[in-house]
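The values are calculated or read from the model by the stated rules, or taken from the named source; none is laboratory data. Model, not experiment: these values are computed from the prediction. For neighbour counting, all protein chains shown are included, and Cβ atoms are generated from backbone atoms with ideal geometry for every residue, glycine included. With ligands, DNA and RNA removed, areas are computed over all heavy atoms of the protein, side chains included. Shrake-Rupley method; radii C 1.70, N 1.55, O 1.52, S 1.80 Å.
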Amino acid sequence: MKLSSFRLAIALLAQLVAPVVSQNSTYYNPVLPGWHSDPSCIQHNGTFYCVISTFISFPGLPIYASKDLLQWKMIGHVRTRESQLPGYSWNTNGQQHGMYAATIRENNGTFYVICEYLNVPDKKPGVLFKTTNPYDETTWSNPVFFDAPKIDPDLFWDDDGKVYVSTHSVVIQEFDLDTGKTGPAINIWNGTGGVWPEGPHIYKKDGWYYLLIAEGGTATDHAVTIARAKKVTGPYTGYERNPILTNRKTQEYFQTVGHADLFQDAGGNWWGMCLATRSGPQWKSYPMGRETALFPVTWDKDQWPVLQPVRGEMSGWQLPAPSRDVPGNGPWNVDPDVYDFKAGQPIPRNLIYWRIPRDGAITATDNGLQLVLARNSLSGYPNGGQNGATRAISFIGRRQTNTLFTYSVDLTFSPKANNQEAGVTAFLTQQANLQLGLVQLDNQLSFRFNATGKISTSTVPAAWAGQPIRLQIQMANPNTYTFAAMLASDAKTKTVLGTASAESLSGGSGSFVGTLLGVYATCNGAGSGLDCPSGTPNAYFQRWRYTGAAQYISATQTVPATVDMAKSEV
Ligand SMILES: *[C@@H]1O[C@H](CO)[C@@H](O)[C@H](O)[C@H]1NC(C)=O
Ligand SMILES: *[C@@H]1O[C@H](CO)[C@@H](O)[C@H](O)[C@H]1NC(C)=O
Ligand SMILES: *[C@@H]1O[C@H](CO)[C@@H](O)[C@H](O)[C@H]1NC(C)=O
Ligand SMILES: *[C@@H]1O[C@H](CO)[C@@H](O)[C@H](O)[C@H]1NC(C)=O
Ligand SMILES: *[C@@H]1O[C@H](CO)[C@@H](O)[C@H](O)[C@H]1NC(C)=O
């Protein structure tokens, strides 16, 4: 008997034995593995929706939808058009500026995503986007701009119809959803003394206004605390048993637990989502960065909510039945990528850029995904120097969503001049990335492996010239990236060309982001402006494959990449 049908039989048996009692469920965290930080989530009409932070990556602010809280479909992004924030993307130089922690809410049939766009000179940072159809990403509005003094805006509708925006350190302001006009800022709570009281969310329950925040910073001191008041503008009283959720000063594998949002399922049970880092207390190796975890919440009338501690294996309220009946197109976060590119087809939604790419830089063609070489290397500078723009790189990638995985693409590329290069990368930021490129060096077709500046080169076998070459990135253990090349037509030719520690893609210049796996192409500074010399050949990537192998849920335990309890088993 197959394992899945065995499980089904057990489930049916359990129902026969206890037909009435709804049983608690067991599941594994993170439910949104890979770089998914600062989750904000709601339930509407029996479907759950979450938005996460995306900083300068583009498209930005993905919306994930789920019927069962375990399988999440990327149904669209809120930020898909340059015209929504004209000029912003290319003028954002920092690796971790741009779209900070957003909040998603629904009111009277309209979905709202409110966010702050940080570090564009002379611009108002507050942006509010709206749609009545989150399944069609083109329907997200241009933003209503507002001038919130602080980061991490929340939206709250009071019973009298007034709308409030709350931001970090915590201040609340009345807010006009149409004009972005804000009222006077009222400081309602400072938290319990941790640094960065941020990520506020307000909920009204049993006549109380509850204010949930994150504090302690988004590292290992991160925590969730709560206060409540009888009026939305306060005075708020902190709970004496704060923090209500944290893994600080523990030996847990899941660290940095914080930045939570709470919501109810269709049956009325409360749940929460928060960010967490699978690093253990050492907090050194965590290349997927901050991921999203689900926890059950018990919230009795007039009482403070009880949030269940975040672990790899969880037990709590019965989960909604497994379902992939979610409208719209878009990949499921737990699924592998099997992409063969064709002219006229859209680029799959889970492949993202680092800032908006140059027009025509990346196109699906019948020869594969075509990358026009950029003058700037991945670092964003023509020669790896510090005097150019940080923008205009030719790069596209997907989140690393599994502790262990294999990613590969078939590259067709015939460089015509020295330093013309195309390859694969495990990319955290423009300063921290691992690259394996096919590049002409001293008039020889070569491989160059660049582990954040530590470089090794080798000559490509003469017989490989002109043939598609499969470039592969693999993690067979949680601490090491292995880069290899082989003839696409002959896996026996596989040659390992470099390894690097996962610690090199953990924290540092990318402490808010997480590793992307993808492809790049550059002429490393030849040409002028942003362009390579005319006549520079394009690079073509075909047969894009990403397959998860395992998730670690503790330092020693793994679960399969696609947890089959999250799948319809019939
Ligand atoms: C929610 O349900 C209402 C009533 O059935 C329907 O009009 C609305 O379109 C639904 N909204 C979404 C986003 O599915
Ligand atoms: C809710 O939306 C409907 C339809 O758009 C509108 O007629 C109604 O005035 C709205 N109600 C409130 C309270 O905004
Ligand atoms: C927050 O801290 C500031 C500075 O110490 C203080 O002036 C203010 O009253 C505090 N706010 C609240 C709501 O306690
Ligand atoms: C089921 O889960 C809820 C939420 O975590 C918890 O309050 C309750 O005690 C659990 N029930 C059992 C029988 O374990
Ligand atoms: C190697 O990678 C580092 C970090 O991305 C970059 O600064 C440097 O320019 C790269 N060197 C080459 C030769 O590509």
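Remarks
- Start at zero, step by 10 Å, and the Cα-Cα distances of region 215-260 spread as 29, 42, 22, 7 percent across the bins.
- Here region 154-219 is treated as a Stokes sphere of Kirkwood radius computed over C-alpha pairs; at 20 °C and 1.002 mPa s its diffusion coefficient rounds to 172 µm²/s.
- Only the Cβ atoms of Lys and Arg (+1) and of Asp and Glu (-1) were treated as charged; on that basis the dipole of the chain about its Cα centre amounts to roughly 960 debye.
- Cα long-axis angle, helix 3-17 against the chain (0 to 90 degrees, to the nearest 10): 10
- Judged by the mean number of other Cβ atoms found within 10 Å, the most tightly packed of the peptides 177-184, 108-115, 153-160 leads the ranking 108-115, 153-160, 177-184.
- Relative contact order of the chain, defined on C-alpha pairs under 8 angstrom at six or more residues apart (%): 15
- Measuring nothing but protein heavy atoms, the accessible surface of the chain at 1.4 Å probe radius is 50 percent carbon and sulfur.
- Taking region 337-552 and dividing mean pair separation by its residue count, relative contact order in percent (alpha carbons under 8 Å, at least six apart): 32
- Radius, Kirkwood style, for region 195-297 when every pair of distinct Cα atoms is counted (Å): 14.3
- When shorter helices are ignored and each DSSP H run of at least 4 residues is given -39500 (n - 2.57), the per-residue value for the chain at 222 nm works out to -1000 deg cm²/dmol.
- Each peptide in 140-146, 338-344 receives the mean, over its residues, of other Cβ atoms within 10 Å, and ordering these scores from highest gives 140-146, 338-344.
- Around residue 279: net Lys/Arg minus Asp/Glu count, Cβ-Cβ under 11 Å: 0
- Residue-normalised accessible area of region 88-143, expressed per residue, 1.4 Å probe, Å²: 37
- Between residue 459 and residue 241, residue separation times 0.36 nm minus the direct Cα-Cα distance comes to 72.2 nm.
- For region 337-552, the solvent-accessible area with a 1.4 angstrom probe is 36 square angstrom per residue.
- Label point 7 Å beyond Cα of residue 82 along Cβ direction - residues of region 330-357 with amide nitrogen under 12 Å: 356-357
- Surface accessible to a 1.4 Å probe, per residue, for the residues of region 264-320, Å²: 37
- For the chain, alpha-carbon Rg and Dmax in angstrom: 24.0, 76
- Kirkwood hydrodynamic radius of region 395-451, from inverse mean 1/r over distinct Cα pairs, in Å: 12.7
- Any cysteine of the chain lacking a neighbouring Cys Cβ under 4.7 Å - listed by number: 115, 274
- Cβ crowding within 10 Å averaged over residues, with 300-312, 430-442, 532-544, 392-404 ranked highest first: 392-404, 430-442, 532-544, 300-312
- Rounded to the nearest 20, the size of the Cβ-charge dipole of region 337-552 about its Cα centre is 200 debye, with Lys and Arg at +1 and Asp and Glu at -1.
- For region 337-552, the convex hull drawn through the C-alpha positions has a volume of 119 cubic angstrom per residue.
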